[in-house]
1. Answer yes if at least one residue in the range 597-605 is within 16 Å of the ligand (Cβ to nearest atom), at pLDDT 95 or above, farther than 21 Å from Ala477 by Cβ and surrounded by fewer than 23 Cβ atoms within 10 Å (Cβ to Cβ), and no otherwise.
2. Given the criterion touching a Gly at 6+ places or on another chain (Cβ under 7 Å), hydrophobic (A, V, I, L, M, F, W, C) and in a strand (DSSP E or B), identify the matching residue among Ile515, Ile541, Ile560.
3. Go through the residues of the range 367-376 one by one and say whether even a single one is within 17 Å of Gly284 (Cβ to Cβ), touching a residue at least 60 places away in the same chain (Cβ under 8 Å) and either touching a Leu at 6+ places or on another chain (Cβ under 6 Å) or hydrophobic (A, V, I, L, M, F, W, C) (or both).
4. For the range 336-354, which residues satisfy the criterion of being out of contact with any Phe, Trp or Tyr (no Cβ under 6 Å at 6 or more places or on another chain) and within 12 Å of the ligand (Cβ to nearest atom)?
5. Given the criteria of a type in the set (S, T, N, Q), farther than 18 Å from Glu165 by Cβ and out of contact with any Pro (no Cβ under 7 Å at 6 or more places or on another chain), does Ser56 qualify?
6. Can you tell me which residues in the range 1-32 are among the hydrophobic types (A, V, I, L, M, F, W, C) and not in a strand (DSSP E or B)?
7. Whether any residue in the range 99-112 is surrounded by fewer than 24 Cβ atoms within 10 Å (Cβ to Cβ) and within 23 Å of Val13 (Cα to Cα) is what I want to check.
8. Could you run through the range 366-376 and say how many residues are modelled with pLDDT of 95 or more and farther than 15 Å from Gly305 by Cβ?
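The values are calculated or read from the model by the stated rules, or taken from the named source; none is laboratory data. From a predicted model like this one, the values you see are computed outputs, not experimental measurements. FYI the Cβ positions are ideal-geometry reconstructions off the backbone, even for glycines, and counts take in every protein chain you see.
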Amino acid sequence: MCGIVGILSTEPVALDLVDALRRLEYRGYDSAGIATVENGHLGRRRAEGKLRNLESRLASEPLNGHIGIGHTRWATHGRPIERNAHPHMTPRVSVVHNGIIENFRELREELTAAGHVFETETDTETVVHLITDQMDKGAGPIDAVKSALKRLHGAFALAIIFAGEDNLMMAARLGSPLVVGHGEGRMFLGSDAIALAPFTDTVTYLEEGDFAVLRNDGVEIFDRDENPAQRVPIKSQANALLVDKGNHRHFMAKEIHEQPEVISHTLAHYLDMAEGRIHLPDIGIDLSSVPRVTISACGTAYYAGLVAKYWIERYARVPVEIDIASELRYREAPLPQGGLAIFVSQSGETADTLATLRYCKEQGQRIAAVVNVRTSTIARESDVVLPTLAGPEIGVASTKAFTCQLTALACFTLALGRARGTIDEATERTLVKELMEVPRQIADQLFDETQYEHLAHLLAKSNDVLYLGRGISFPLAMEGALKLKEISYLHAEGYAAGELKHGPIALIDEKVPVIIVAPRDGLFEKTISNMQEVAARGGQIVMISNALDDDVGCPLTAHIRMPDAHDFTNPIIYAVPIQLIAYHTAVQMGTDVDQPRNLAKSVTVE
Ligand code: AGP
């Protein structure tokens, strides 16, 4: 989604604004711009495409000024052209915005009738004219913004500067995240703490409905009722080092390789390693009496939830309802009183997931969130946070966050099963031991990726790829298809292997690679039958399995050998080959691995 930055300083800010915007590139964007106040006047530079185009513009037409705002735009209203790029401005006000102003048309009509002239197709420009209109009527900048905010419907984060004000910036947040950074004689604004990492690690997150008045010596924060609000500054998790690729070509590669470490961090949060027992921090919910679990999320996070459904039903014997957030929120599903709703989200800001969380809360559910950003909106609106300690995930395609989500959900399953007596101590110790082996088993897979480079040559020539899996491997097949399609742009579909003969087998011929996630578990023999059905039609089979070639009885185009592991931990371990297949195929195809076209890291609009 869009990225916002703001800096108040006693030195020129233009280059620091661009540096901060560079740390928001991972969110996905198609244009960028900055505005500053210099000698009382607003100045602006914008450019389509990547930040280097804005830097070129600034090199030829520098902007001075010690106060400024910046923006990377992911087009929602209006084409991704320079004219629609932020900041938007009148001679009196300049604004950058993340989110959607839902009532922008009626406001635009009202302001046009009042004589305002619009230059763009964007909803954001409405905000600029709304504030200007108030100032034209005699309101000071702060009152003008407060009046304008009352008229806006939708989800937004705003940063605002004013002509003639070189030590005043305003910020507002409703639905899209915004964080204030505290520097020495400088103050900052950012869509997240990563943007501010080079400047400060002391940040204050604005709450829903807050607006803030920043000056270079501090910030005043007010709640939606315009009462002064105390928001406590914290030390941010992000730092400049964490957003570098290290010795990897892409953030996605770095994050795939970080999985052993971050899964270990996540396990350490939930396990008593010394005792070999589960040790879920007190979550304030009596797990022994939960009548049903509802799980909801989007994309990859949804597939993590789908794996959890198999775990929870099998090991804790609790029925699980699961649905993608964009469906569950409108389905009016009856939810039992006292039920537990679990929301899975890397960013903790996904609009559909947040809206469904709020729906389930209204329906009397206790709310748990599996999130990677503990200060995110979803985290802050949940009764319980089950953190994934993956660290900042920069690549748009989720990898380490996915396996950390699985790790946290696996640990939660054990705690739920122990609370309900469906898992005895011996089983708990066994499964905890299996979990503690996962980091090494993943690390072992990361030593040699040449088989994936070879496989990528085959897949890169394909137009369609089919992923199959049975039982708890079915969500992995779905995730594998999503990973491949979202970064290589190849069409891929994930299917339950048992469904093959009910339609998808019509797709099979020698041009369609079939990737089968097939640990040697209780369903392996049935999956073998599916492989033979594929082979009989000339399909190219790529098997991901700890089984031996001889176990299969049909020709394999490739066999990605997996370690022998417990059924319980296979989904975490088998995530790695499907990530590497997607990664190397995308590299082979030359796509933008870390910032795939049309995608955003956090979808904070519906
Ligand atoms: C995953 O590779 C995708 N980038 C996408 O499906 C993502 O998982 C989804 O948008 C949910 O995001 P969240 O985990 O931040 O809520």
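1. Checked against the condition, which is being within 16 Å of the ligand (Cβ to nearest atom), at pLDDT 95 or above, farther than 21 Å from Ala477 by Cβ and surrounded by fewer than 23 Cβ atoms within 10 Å (Cβ to Cβ), the range 597-605 yields no hits at all.
2. Only one candidate passes the filter, namely Ile515.
3. Yes.
4. Result: Phe343, Val344, Ser345, Gln346, Ser347, Gly348, Glu349, Thr350, Ala351, Asp352, Leu354.
5. Here the answer is yes, as Ser56 does meet what is asked.
6. Matches in the range 1-32: Met1, Cys2, Val13, Ala14, Leu15, Leu17, Val18, Ala20, Leu21, Leu24.
7. no
8. The qualifying residues number 1.
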